[in-house]
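Below is one structure; the comments refer to it alone.
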Amino acid sequence: MKVVIVGPAHPYRGGIALFNERLAKAFQENNDEVEIITFTLQYPGFLFPGKTQFSDAKPPKELKITRTINAVNPFSWLKTVNEIKKVKPDLVLFAYWLPFMAPSFGTIAKLVAKNKHTKIAALVHNIIPHEKRAGDTALSNYFIKHVEGFITLSKSVYDDLTSLTNKPKVLTPHPLYDNFGKAIPKTEAIEKLGLDASFNYLLFFGIIRKYKGLDTLLEAMANEEIKAQKIKVIVAGEFYEDNTVYLDLIKKHQLENSVVLVNQFIPDEEVVNYFCAADLIVQPYKHATQSGVTQIAYHFNKPMLVTNVGGLSEMVPHQKVGYVTESNPKSVAESIIDFYINYREEKFVAGVKDEKQKYTWDKMTLTISNLFKQL
């Protein structure tokens, strides 16, 4: 196929940009012709909660990435349509995750489809946002109206989409994020991060928002039995909200020596150090769809603890690769204690190595190809 992916990509940072670039490489490995069309402006600065939207990394090699879309400028949408028409792709695949993108993406999809050749599909990371706002459904419905078929990465998103449309849709798991190089020994990772090797480490990774449940994890860390085990949690990610509530919890429970705060976006080349330093990757989310953090953990053969929300439990078989707990401090603490007291790491690592075999990028491209044939 000749494919155009529309969505975040270099120089933008973040999980969806990473996903689009890795998917483009998977298409190339399948001998498909592919390019990515991304933004000149993704969000106006005042709407973006972090320090920067941009990556310091070099552009990915052997990928064609064109920047034409200004999310709030309709003239740029027309320019994007003309760029796509020049390519005359068989498939345009939109990476959809936020209703804010619906006007631009929906309009581009509508106009491209007029060539009567190109099929329009969407890979939907979220259709109902984690943090809901008035008008979300109306915006998403505008986008859905101009798309012929959908790929989802979790059953929860599949079900949300089913409530909005009867158009063709398929579910396929989020593939591994294998973009971060090979694993390194735990001792080496701990040394690179300048950590105390006499402690065991949990990892909470990624941007910090209320729905991700860092407060739940901090409450769990206050458990006296956890404190007695010489366990620390590394919190590696940028706060996308006021961090006062978390700092207050650390002070309230006297966790200053139990929490390693790294309040910054973690560059791709440093991700390996954080995952490989940890014994267990903890995702205490209050609600979720799927998570790229899970797929980084699989890549580095790391056991996981997730809460029983959204699609997380689909990806983490309980007691095989880790734990599926309830979203409360008591359940999270009990699993952390069990992990260390009963020496579960070796068993769970073996389970991770077995389970990860199902999360390949060729399965993703095959699913997209099969959907394309239905449209």
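The values are calculated or read from the model by the stated rules, or taken from the named source; none is laboratory data. Quantities reported herein were computed from a predicted structural model and do not represent experimental measurements. When we count neighbours, we look across all protein chains shown, and the Cβ atoms used for this are built from the backbone with ideal geometry, even at glycine.
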Checklist outcome for this item: Here the qualifying pairs (Cβ atoms under 8 Å; residues six or more apart or on different chains; first in segment 180-194 and without any contact (Cβ under 8 Å) to a residue 24 or more places away in the chain; second loosely packed, with under 15 Cβ neighbours inside 10 Å and in a loop (DSSP other than H, G, I, E, B)) come out as Thr187/Ala197; Glu191/Ala197
Item to check | Subset tally (residues that are on the phi > 0 side of the Ramachandran plot and in contact with a Ser or Thr (Cβ under 8 Å, 6 or more places away or on another chain)) for segment 207-260 | outcome: 2
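This table checks each residue for (1) modelled with pLDDT under 95; (2) of a type in the set (Ser, Thr, Tyr); (3) surrounded by fewer than 20 Cβ atoms within 10 Å (Cβ to Cβ).
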{"position": "Ser291", "(1), (2), (3)": "yes, yes, no"}
{"position": "Tyr298", "(1), (2), (3)": "no, yes, no"}
{"position": "Asn301", "(1), (2), (3)": "no, no, yes"}
{"position": "Val309", "(1), (2), (3)": "yes, no, no"}
{"position": "His318", "(1), (2), (3)": "no, no, yes"}
{"position": "Ser331", "(1), (2), (3)": "no, yes, yes"}
{"position": "Asp338", "(1), (2), (3)": "no, no, yes"}
{"position": "Lys353", "(1), (2), (3)": "no, no, yes"}
Checklist entry - Looking only at segment 201-216, which residues are out of contact with any strand residue (DSSP E or B) (no Cβ under 6 Å at 6 or more places or on another chain) and within 15 Å of Glu256 (Cα to Cα)? => result Asp215
Next on the checklist: Kindly evaluate Val157 against the criterion of being surrounded by 15 or more Cβ atoms within 10 Å (Cβ to Cβ), within 18 Å of the chain's Cα centre (by Cα), among the aliphatic types (A, V, I, L, M) and closer than 25 Å to Leu93 by Cβ.
Outcome noted: yes
Checklist outcome for this item: Scanning segment 304-318 for residues that are outside any helix (DSSP H, G or I), without any contact (Cβ under 8 Å) to a residue 24 or more places away in the chain and not aliphatic (A, V, I, L, M), the one farthest from Leu153 (Cα to Cα) turns out to be His318
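To keep it simple, each residue is scored yes or no on (1) in the same structural domain as Leu255 (by TED's automatic domain parsing); (2) in contact with an Asp or Glu (Cβ under 9 Å, 6 or more places away or on another chain); (3) within 27 Å of Leu249 (Cβ to Cβ); (4) crowded, with 21+ Cβ neighbours inside 10 Å.
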residue	(1), (2), (3), (4)
Gly194	yes, no, yes, no
Ala197	yes, yes, yes, no
Tyr201	yes, yes, yes, yes
Lys212	yes, no, yes, yes
Ala220	yes, yes, yes, yes
Checklist outcome for this item: Flagged in segment 229-248 as at pLDDT below 90 and under 21 Å from Ala278 (Cα atoms), in numbering order, are Gln229
Checklist outcome for this item: Selection over segment 140-162 where residues are among the small types (Gly, Ala, Ser) and touching a Lys or Arg at 6+ places or on another chain (Cβ under 8 Å) yields a count of 1
Next on the checklist: Which residue is farthest from Thr52 (Cα to Cα), if the candidates are limited to segment 226-272 and must be small (Gly, Ala, Ser) and in contact with a strand residue (DSSP E or B) (Cβ under 9 Å, 6 or more places away or on another chain)?
Outcome noted: Ser258
Checklist entry - Of the residues in segment 257-303, how many are among the polar types (S, T, N, Q), out of contact with any helix residue (DSSP H, G or I) (no Cβ under 7 Å at 6 or more places or on another chain) and outside any loop (DSSP other than H, G, I, E, B)? => result 1
Item to check | Glu188 being out of contact with any strand residue (DSSP E or B) (no Cβ under 8 Å at 6 or more places or on another chain) and at pLDDT below 95 | outcome: no
Checklist entry - Within the bounds of segment 223-236, is there any residue that is under 16 Å from the mean Cα position of the chain (by Cα) and either surrounded by fewer than 16 Cβ atoms within 10 Å (Cβ to Cβ) or within 19 Å of Ile341 (Cβ to Cβ) (or both)? => result no
